[in-house]
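Here is the structure we will look at.
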Amino acid sequence: MSSKSQWSSLKAQLGDAYRCIAVDLLGYGASPFPADAAEDYTHTLAHEVDAIIAATASELEPGEAFHLIGHSFGGACALHLARRMPERVLSLTLFEPVAFHLLPAQHPAKKEIVDVVERIKASASDGDATRIFIDYWNRPGAFDDAPRGAQEKMVAQITKVRLDFQALLGEPATLNDLSMLTMPALVMSGERSPASTRLLVEQLGAALPNAAAVQTRGGHMGPITHGDAVNPVIITFMSTTEVTLS
């Protein structure tokens, strides 16, 4: 339920050192809801990555390499994108990618997020579903404490959130599939985040061949709520990492 505007502070801090291309994921910001979504539609991370590639095609030269940064659902999409074109990704930075398909099936953290998804599906109204979603990622009461206008905007996006969970839990990639991602990687989590994403960051730190795992202040929305802690870590990683093109 965010947009590319969440990266404005990071872009400003990077200054002229990098050319930044921020992208709205499908159904968020200025990006349209999936055009072919219908009752029998099955959403996938491949759909999201196709849209990202299309949105950046005019910004990048054919074959041009780039640093890749993603947060939450954007982080899961970044992992998929990196697997599709690993030779073009100079470095990979992920803040709590919600790649729930990577969690062990019987682990309590996997059961935790599956329970959240089932509660959202079973909700009597979009408002109730949105409350469950927002409170899980923030704190109990966060949705009810938000201004009415913000609540209405979030409720309007819960239909896309349901599709996002469908894509995440249906993704076939495993931790073993990530061994191909040999570029320098930084995986980050917030110290107050849910068990599901903290475990994912721990697993990714071990599974990615050239990764470092870092914990920062804040929670799952750290890039927005604690940019002062998150952004410097990203900038230091990008500026000090040695990258090579194969």
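A short reminder: the numbers here are calculations on the coordinates, not readings from a lab. Keep in mind that this is a model prediction, so the values were computed, not measured. Here the Cβ is made from the backbone with ideal geometry for all residues, glycine too, and neighbour counts use every protein chain on show.
Listed conditions (1) closer than 24 Å to residue 136 by Cα; (2) assigned to a helix (DSSP H, G or I); (3) out of contact with any Asp or Glu (no Cβ under 8 Å at 6 or more places or on another chain) are all met by residue 214, apart from (2). Pairs are defined by a Cβ separation below 8 Å, a sequence spacing of at least 6 or placement on different chains, a first member in region 219-236 that is more than 17 Å from residue 18 (Cβ to Cβ), and a second member that is acidic (Asp, Glu); the pairs so defined are 219/191; 220/96; 222/96. Within region 90-101, the presence of a residue that is over 23 Å from residue 186 (Cα atoms) and either of a type in the set (A, V, I, L, M, F, W, C) or outside any helix (DSSP H, G or I) (or both) is excluded.
Restricting attention to region 65-89 and to residues that are assigned to a helix (DSSP H, G or I) and among the aliphatic types (A, V, I, L, M), the residue that is nearest to residue 219 (Cα to Cα) turns out to be 76. If I filter region 102-133 down to residues being under 22 Å from residue 74 (Cα atoms) and in a loop (DSSP other than H, G, I, E, B), which single residue comes out as farthest from the chain's Cα centre (by Cα)? Among residues in region 102-133 that are under 22 Å from residue 74 (Cα atoms) and in a loop (DSSP other than H, G, I, E, B), the one farthest from the chain's Cα centre (by Cα) is 104. Looking only at region 235-245, decide whether some residue is within 26 Å of residue 24 (Cβ to Cβ), part of a strand (DSSP E or B) and among the aliphatic types (A, V, I, L, M). Within region 235-245 (the criterion being within 26 Å of residue 24 (Cβ to Cβ), part of a strand (DSSP E or B) and among the aliphatic types (A, V, I, L, M)), the answer is no, since none of the residues qualifies. No other residue among 180, 188 is under 22 Å from residue 86 (Cα atoms) and crowded, with 20+ Cβ neighbours inside 10 Å apart from 188.
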